[in-house]
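The structure appears right after this line, and notes come after that.
The values are calculated or read from the model by the stated rules, or taken from the named source; none is laboratory data. Because the structure is a prediction, the values reported are computed rather than measured. Using ideal geometry, Cβ is built from the backbone for each residue, glycine included, and neighbour counts are taken over all protein chains shown.
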């Protein structure tokens, strides 16, 4: 069983500021994304779920970010910058054991 970490909203803002990131998408499971969106809609409130998914599990912290980049960007370079920014943020947040940091490039904007 996983526990959602308290600094996930900080990760959303952090990832959005990484050079080359043009979009940030929900990275949680599709069931969690749909359930949260449905509950938010039923309660007539703005979506509140963080886009970067983070969880503390037995083997350490697992973070997943799903991003969009521009056509002029290298997916490997932008993904590396996002990974490094998250890793540095975790070090500053007390350096919890990290099991995995996953960065998924979900879209590439093809035109300017």
Looking at the range 4-20, can you tell me whether even one residue there is at pLDDT below 90, in contact with a helix residue (DSSP H, G or I) (Cβ under 9 Å, 6 or more places away or on another chain) and either within 28 Å of residue 111 (Cβ to Cβ) or part of a loop (DSSP other than H, G, I, E, B) (or both)? yes
Within the range 45-75, track down each residue that is at pLDDT 65 or above, more than 17 Å from residue 24 (Cα to Cα) and in a loop (DSSP other than H, G, I, E, B). 58, 59, 72
Taking residue 40 as meeting all but one of (1) more than 11 Å from the chain's Cα centre (by Cα); (2) modelled with pLDDT of 65 or more; (3) over 20 Å from residue 92 (Cα atoms), write down the number of the exception. (2)
I'd like to verify a number: residues in the range 63-99 that are over 16 Å from residue 19 (Cα atoms) and loosely packed, with under 12 Cβ neighbours inside 10 Å, how many? 5
